[in-house]
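Every number here is computed from the coordinates shown, using simple stated rules; none is lab data. Computed from a predicted model, the values in this text were never measured in an experiment. Neighbour counts are summed over all protein chains in view; Cβ atoms, including those assigned to glycine, are modelled from backbone coordinates with ideal geometry.
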Amino acid sequence: MRSGAQPAIARLARLAGIGTGSAWVLIRELFGWRHFHNRREVAGCLGLAPTFYTSGTSEVEQGISKIGNKRARWLMVELVQHPSNSFSNYRVASKAAGA
C-alpha cells in the first residue's frame, strides 16, 4: 500500500492483529461512510447487539441479533479469536474471579 493513499487504513493496520486486508474491509464496510457516536451504535451496525424476548413479567436474553453487516461482523469475530493477535498479555475479567 502506498504511503498516504489511505490514511485511515494505514492507522488501523498499525494496531496489533490487524493487517492491511482487515483494515481495508473495516474501513470499506464499516467506518468509511458512517460516523458512530458510541459503542452501542457500532454493535448495532455489526449485529452484535443483544436481543430480548419479553412476555408478561418474563424477560429472556436470546443472544446477538445478527442483523447488520455480515462481513464486518465475521471479521471482528475472527480478529478477536485469531491466535496471532497480541491480546494474550491481557487478563480476562470474569465474574467468578470477582472482577
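Using a 10 Å cut-off around each Cβ, can you sort Ser22, Ser58 from fewest to most neighbouring Cβ atoms?
By the 10 Å Cβ count, ascending: Ser58, Ser22.
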For segment 64-76, 3J(HN,Hα) per residue [Karplus equation, 6.51 cos²θ - 1.76 cosθ + 1.60, θ = phi - 60°, Hz, x = Gly/Pro]
7, 6, 6, 9, x, 6, 5, 5, 5, 5, 4, 5, 5
How far, in nm, would the chain grow between Glu78 and Glu61 when pulled straight, counting 0.36 nm per residue and subtracting the alpha carbon separation?
3.7 nm
For segment 29-45, take each phi angle, set θ = phi - 60°, evaluate the Karplus expression 6.51 cos²θ - 1.76 cosθ + 1.60, and give the result in whole Hz per residue in order, putting x for glycine and proline.
8, 10, 9, x, 9, 10, 10, 9, 9, 7, 5, 5, 5, 5, 4, x, 5
Any chance you could run the full-extension gain for Lys70 through Leu15? It's 0.36 nm times the residue separation minus the Cα-Cα distance, nm to one decimal.
17.6 nm
Which of Phe52, Phe36 comes first, and how do the rest follow, when ranked by fewest Cβ neighbours within 10 Å?
Phe52, Phe36
Net charge of Cβ neighbours under 12 Å - reference Phe52; Lys, Arg +1; Asp, Glu -1:
-2
Report the net charge of residues surrounding Leu30, where surrounding means a beta-carbon distance below 10 angstrom and charges are Lys +1, Arg +1, Asp -1, Glu -1.
+3
Taking all pairs of distinct Cα atoms, average 1/r, flip it, and tell me the Kirkwood hydrodynamic radius of segment 7-82 in Å to one decimal place.
13.7
